[in-house]
Every structure is written in structure tokens, then in C-alpha cells.
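Where a number appears in this text, it was derived from the coordinates with a stated rule and is not lab data. Everything quoted here is computed from the prediction, not taken from an experiment. Reconstructed Cβ throughout: ideal geometry from the backbone, glycine too, with neighbour counts over all protein chains shown.
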Amino acid sequence: MQTVTNPAVAPVPQKGDSSIGGLLLESGKITPENAERVLRMQKELGIRFGEAAQRLGLITEADIQQVLARQFDYPYLQKGESQFSPLLTAAYAPFTRQVETLRAVRSQLMLRWFANHKSLLVLGIDSGDGVSMLAANLAVVFSQLGENTLLVDANLRAPSQAEIFNLKGRQGLSDILAGRADIDAVAKIDSFVSLSVLSAGTLPPNPQELLSRGGFAALSKRLEALHDVVLYDGTALSTASDALAVASRVGGVLLAVRKNRSMVRDVRVVTEQLNDSGAQVVGSVLVDF
């Protein structure tokens, strides 16, 4: 006997379903019981599932935007729902003007650098120039583009990425370079489409020497072979010359220039230093993190 299903009656969303209802259910925004209430209103008024859920006061517009982003492989987070730094703007507020600027920077880098290269060092002149947050947010927007992205914390003096991405206690770059860890020290950040982070690891007594050895160059090539985009967060040049060793291996540098703080003459001096090390300054970004 053939079973006839009434096409006017929509099935209750199930977990694993990629529809708006299924995603709201999976994320815990609505319960199965509330889903039935929503479906009844949806049928009675002839409106979308999300709109019905909003009218019943079960979800907000922000909830709808979040599940829509997941539908289109553009997930982002809501503050309070993750343990990442609240300054990770690209993850929490991807539709703001600030993040739109980051996407514009990403586009320029894709055209001017990543069309022929895979690695880039994000560098500042002074500590506190917002380099780590710029590198972290850039890594997020590259991953949102679908690029297999790796963020490497090469600041072996005052690292930040382990704290930003809540990776405290993990082995990292220094441990690999010292032969105490391997490539599995790279951590996959599951909250994003395709983002991994290699934290700085144990703070070594000889960061400049570690980064100047051939082991770092060999590791860089391995990381490039496994990823589309590799971003390095480097030590400020006013603190130490570690970053020059990284720049010479990576080849390209994006300078972070601090608003109302960085001096034009200092930018010129740093650019000359980087050129002398064999690196190319791809561009600069005025940051205000």
C-alpha cells in the first residue's frame, strides 16, 4: 500500500538537518516542543520558519543571522558562547565596518601576495601595536573565505595567540624547533570553517637563535605544504630582532601601524631593515584594537 504524505504539513525539524529549523534545534535555540508550535504558526500565517519563531519570542534576529551564516558556510560566534577573546571581532561581529575593512585587506593580500605565495608575517614596530589581534582576526577572515588557514605565533617572548584562542598549556612552535614536539602541536579550531593555530609553546631562553636555525625554514615549508595561507605573528621590532629572522624565511611582511602612535620615520626605518633582510613589505594596516 502506498503512503500519501500531505505536502502542506511540514515535518518537525531534526538535529543534523541543515534547514533553519534544524540548525536552530541543533544549536539549542529552540526545543522540539517549541518547533511544533513554530510549525503551526508557520502553516497558519504562511510565513518562514524563522519569522514564526521570532514572533513567538523564541529567538532573536541575531539567532537568525547566526544560523543563516552556518547555512552558507560562514559561521560566527556569539559573545558568551565561547572562550575566545572578546576582541576577536571577525568571529563575533563579522558584519561590522571594522571587519569589512579586514575583508578588504584580505582581498588585497589575495591579489598582491597570496596569488604567488603562501606565508606572510604580520609585524609591528612597538609592543602594544595590536599585531596579535590583527593577525588573529585576519586568520579568521581568511578561514571564512574557505582558505585552509594556519596562524603561527612566532612571538617567542610575549606570545598572545594561546590566550586569544584558549590554547593554554599546549606545546607549540618553540617545542617543535627544539625537537620536543612535532607537527601535531598544531591545534584545529573547530568553531571556524578551516582555521588552525600553532601557539608559541614553551618560552625559550634563545628565541632569536631558534628562529634563525635551518629547522625553522624546514618547518615553514612543511606548514606551507599543508595549508593555503600561513600567517605569522611576530615580535615587535623595537623589542628584539627575532622577527627579522622570520621575515627572511617567510618573504613577505604586513606592517601594523598604530593609530596616533606610530611615527612615519620609524616606519621608514623598519621598512629598510626588512628589505635588507630579504623580505618584502607587502603593505601596512592602520590598527586601532
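Once you have all Cα-Cα distances for the chain, histogram them in 5 Å bins from zero and send the whole-percent values.
Reading upward from the zero bin: 1, 5, 11, 15, 15, 13, 10, 7, 6, 5, 4, 3, 2, 1, 0, 0, 0.
Report, in whole Å, the centroid distance computed from the Cα atoms of the range 148-175 and the range 237-255.
If you average the Cα positions of each part, the centres end up 17 Å apart.
Volume per residue, Å³, of the convex hull around the alpha-carbon atoms of the range 20-71?
Each residue corresponds to 63 Å³ of Cα convex hull volume.
Below 18 Å, Cα to Cα, which aspartates and glutamates can Lys29 reach? Residues fewer than 8 away in the same chain don't count.
Straight-distance partners of Lys29: Asp17, Glu51, Glu61, Asp63, Glu81.
Could you please rank Arg213, Arg170, placing first whichever residue has the fewest other Cβ atoms within 10 Å of its Cβ? The partial results should precede the final answer.
Numbers: Arg213 15, Arg170 18.
If I rank by nearby Cβ atoms, fewest first, I get Arg213, Arg170.
Enumerate lysine pairs in the range 89-287 that are 8 or more residues apart or on different chains, then count those whose Cα atoms are under 24 Å apart. Mind showing how you got there, number by number?
On the way: Lys118/Lys188; Lys118/Lys221; Lys168/Lys188; Lys188/Lys221.
For the range 89-287, qualifying lysine pairs total 4.
What 222 nm value per residue comes from the helices of the chain, counting each DSSP H run with n ≥ 4 as -39,500 (n - 2.57) and dividing by all residues, nearest 500 deg cm²/dmol?
-12000 deg cm²/dmol
Calculate the tail of P(r) for the range 208-289: the fraction of all Cα-Cα distances greater than 14 Å, expressed in %.
Numbers: 2179 of 3321 pairs.
Considering the range 208-289, 66 percent of its Cα-Cα pairs are separated by more than 14 Å.
Assuming 0.890 mPa s and 25 °C, estimate D for the range 239-281 with Stokes-Einstein, Rh taken as the Kirkwood radius over Cα pairs, in µm²/s.
Diffusion coefficient, whole number: 228 µm²/s.
Mean Kyte-Doolittle of at least 1.6 plus a Cα span of 24 Å or more along the axis: flag which DSSP H helices in the chain meet both, please.
Passing helices, by number: none.
Kindly state, as a whole number, the per residue volume in cubic angstrom of the convex hull around the alpha carbon atoms of the range 39-198. Numbers along the way, then the final one.
Details: hull volume 23.8 nm³, N = 160.
Output value, Cα hull per residue: 149 Å³.
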